[in-house]
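S.K.: One structure follows; several queries about it will come next.
Bear in mind these aren't lab numbers, they're just calculated from the coordinates by the rules spelled out. Nothing here was measured: the structure is a model prediction, and the numbers come from that model. Note that each Cβ is placed from the backbone with ideal geometry, even for glycine, and that neighbours are counted across all protein chains shown.
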Amino acid sequence: MSSNQDPCAQPTLLHPDQAIEQLLAQVEATQDTEMVTLTQAIDRVLAEDLSSSIDLPPFDNSSMDGYAFRFADLTASQDKTTFTLVGSSFAGHPFSGKVLPNSCIRIMTGAPIPPGFDTVQMQEKTQANQNQISIEHPHRLGANVRCRGEELLAGTKVLHRGVIIRAAEMGVLATIGISQVRVTRKLKVAFFSTGDELRPVGSELAPGQIYDSNRYSIQGLLSKSNVEWIDLGVIADNKEAIRGAFKEAASQADMVLTSGGVSVGDADFTKQILSEEGKITFWKLAIKPGKPFAFGKIDNAIFCGLPGNPVSSMVTFYKLVLPILKKMQGLKPVTPLFCQAKLLTDIRKHPGRVEYQRGILSRNEAGELEVAITGGQGSGMLTSMSLANCFVILDQFQGDTSKGVQVTVEPFNNVLC
Ligand code: AMP
Ligand code: MG
């Protein structure tokens, strides 16, 4: 159904995909870098292209425990040939003797193949009788040999700037002998919650008060986003307190992140203060949960204002703030992975906004992907996030969806898992 035909559609709301594009166009990757040791490099963003100075593997070596010999010495008319054992090559202890015709050496996985030998047969296909080794013919010259440079040659680019250094990259860097790498500086994000009703955990609630949960879910999200975070607490719905908090946050961080006060409520002073203190746009996004979102600059810091509803703040962080942070960190954009799964529950939906319903994705006995909604989907029901392992994404102009149909699912990434 197109937006023109649908009376419930809200065409003035900006589609989240367009919003992401527009937001990303307004932020730059940090140019600040630092050298860190390999051990400190985990989860950091590589700030330089790295080439290998050595071939990989650095020498011909065996991929099996067995015997190394010359393929040309195999007797063509037989299934097996007997060789004379003249020595051994162990990992870290190469064979230093002479390679003679019809001779073989005992060799272990990873041990160098001496020049002259070219083929290895695995131990299970050999028989030893003192120094006479009967070897079943392997199918090809070079069997069980990992050749020098077969993975890559010296001078080849191994890692590109903008990749995140995960466990595999740590290993790759070590394999090519690199002990220090240049990474982008860790970003600093200062955040606070706004709202007179909010109390910190550990205190008593008076009537009408609730605990400030966003600061903790945001802490969790920031911890998994590889940034340094500064927690500025709860700020009351009071103009001067909010002004002071913005100024303080902007003076010490690359990004100021807040929750609450960006919708149309009377106590939402954030808008007014932000307009006075920075260059901020208030967005109405075609996304549920999470319609209101604010973005702009305060002094030199990027500002993102999340809605106060707990699920909305997590979803808008995930969909909008995370891509912004990744770009600022210098990370290459990574396409989110989607899949299709059979819906196990009916879903009620009004056309008008893209919905990120919280789902539980699993595989049934037949091996098919299935997804169920985590019960109530109110934007304040944070347990819906806690129970979920994915979002079920419903298109902007789509209405109710019946169980049994295939729906688009986005499994939670490492920041939400
Ligand atoms: P707001 O965006 O400030 O209008 O808040 C929307 C809803 O989210 C209200 O019900 C608030 O009480 C609630 N809320 C706002 N901030 C928080 C927070 N930090 N933790 C939990 N709930 C919040
Ligand atoms: Mg509020």
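S.K.: With all pairs of different alpha carbon atoms counted, what Kirkwood hydrodynamic radius in Å does region 8-111 show? Don't skip to the end; give the middle numbers.
M.R.: Numbers: mean 1/r = 0.0490 Å⁻¹.
Radius from the Kirkwood sum: 20.4 Å.
S.K.: Now for a separate question. In Å and whole numbers, how far do the C-alpha atoms of region 61-146 stretch along each principal axis, longest first?
M.R.: For region 61-146, the Cα spread along each principal axis is 36, 24, 22 Å.
S.K.: Just to check, using Stokes-Einstein with a Kirkwood Rh over alpha carbon pairs, what's the diffusion coefficient of region 339-411 at 25 °C and 0.890 mPa s in µm²/s? Display every interim value, and only then the final one.
M.R.: Numbers: Rh = 12.2 Å.
The calculation lands on 202 µm²/s.
S.K.: Given an 8 Å cut-off on Cα distances and at least 6 residues of separation, report the relative contact order of the chain as a percent. Don't skip to the end; give the middle numbers.
M.R.: On the way: 924 pairs, mean separation 71.0, N = 417.
Once divided by the residue count of the chain, the mean separation gives 17 percent.
S.K.: In a GNM of the chain with a 10 Å cut-off on Cα contacts, which of Ile324, Ile107, Ile20 has the highest mean-square fluctuation?
M.R.: Ile107
S.K.: Using 0.36 nm times the number of residues separating Ser179 and Lys284, minus their current alpha carbon distance, what extension gain do you get? Intermediate results must be reported in sequence, preceding the final value.
M.R.: On the way: separation 105, 0.36 × 105 = 37.80 nm, distance 4.76 nm.
Working it through step by step, the gained length comes to 33.0 nm.
S.K.: How about Lys125: which lysines have a C-alpha closer than 29 Å to its C-alpha, ignoring those fewer than 8 places off in the same chain?
M.R.: Those lysines meeting the cut-off are Lys80, Lys98.
S.K.: Apply 1/(1 + (r/R0)^6) to the Cβ-Cβ distance of Lys80 and Leu141, taking R0 = 22 Å, and write down the FRET efficiency to the nearest 0.05.
M.R.: E between Lys80 and Leu141, to the nearest 0.05, is 0.80.
S.K.: Give, in nm to one decimal, the length gained when the segment between Glu150 and Thr408 is fully stretched (0.36 nm per residue of separation minus the Cα-Cα distance).
M.R.: On the way: separation 258, 0.36 × 258 = 92.88 nm, distance 4.06 nm.
Between Glu150 and Thr408, full extension yields 88.8 nm more.
S.K.: Further question: Could you give me the ³J(HN,Hα) list for region 202-207, computed from phi with Karplus coefficients 6.51, -1.76, 1.60 and θ = phi - 60°, whole Hz, x at Gly and Pro?
M.R.: Per residue, the Karplus-derived 3J(HN,Hα) values read x, 10, 7, 9, 8, x Hz.
S.K.: Of Phe83, Phe293, how do they rank once you tally other Cβ atoms within 10 Å and put the fewest first? Present the calculation step by step, with values, prior to reporting the outcome.
M.R.: Working: Phe83 24, Phe293 27.
So the ranking, lowest neighbour count to highest, is Phe83, Phe293.
S.K.: Right, another one. Over 20 Å apart: what share of the alpha carbon pairs of region 251-348 falls there, rounded to a whole percent?
M.R.: On the way: 2162 of 4753 pairs.
For region 251-348, the share of Cα pairs beyond 20 Å comes to 45 percent.
S.K.: Can you tell me how much longer the chain between Tyr216 and Gln18 gets when fully stretched, taken as 0.36 nm per residue apart minus their C-alpha distance, in nm with one decimal?
M.R.: Result for the pair: 68.4 nm of gain on full extension.
S.K.: Counting alpha carbon pairs within less than 8 Å and at least 6 residues apart, what relative contact order, in whole percent, applies to region 339-411?
M.R.: Values: 160 pairs, mean separation 35.1, N = 73.
After rounding, I find 48 percent.
S.K.: Which value, in debye to the nearest 20, gives the size of the charge dipole of the chain about its Cα centre, when Lys and Arg are +1 and Asp and Glu are -1 at the Cβ?
M.R.: Values: 39 positive and 43 negative charges, 86 e Å.
In total the dipole reaches around 420 debye.
S.K.: Can you sort Tyr318, Tyr216, Tyr356 by how many other beta carbons sit within 10 Å, fewest first? Present the calculation step by step, with values, prior to reporting the outcome.
M.R.: Details: Tyr318 21, Tyr216 15, Tyr356 26.
Result, fewest neighbours first: Tyr216, Tyr318, Tyr356.
S.K.: Report the rotationally averaged projected area of the chain based on its alpha-carbon convex hull, in square nanometres.
M.R.: Details: hull surface 118.0 nm².
With the hull built on Cα positions only, its mean projection is 29.5 nm².
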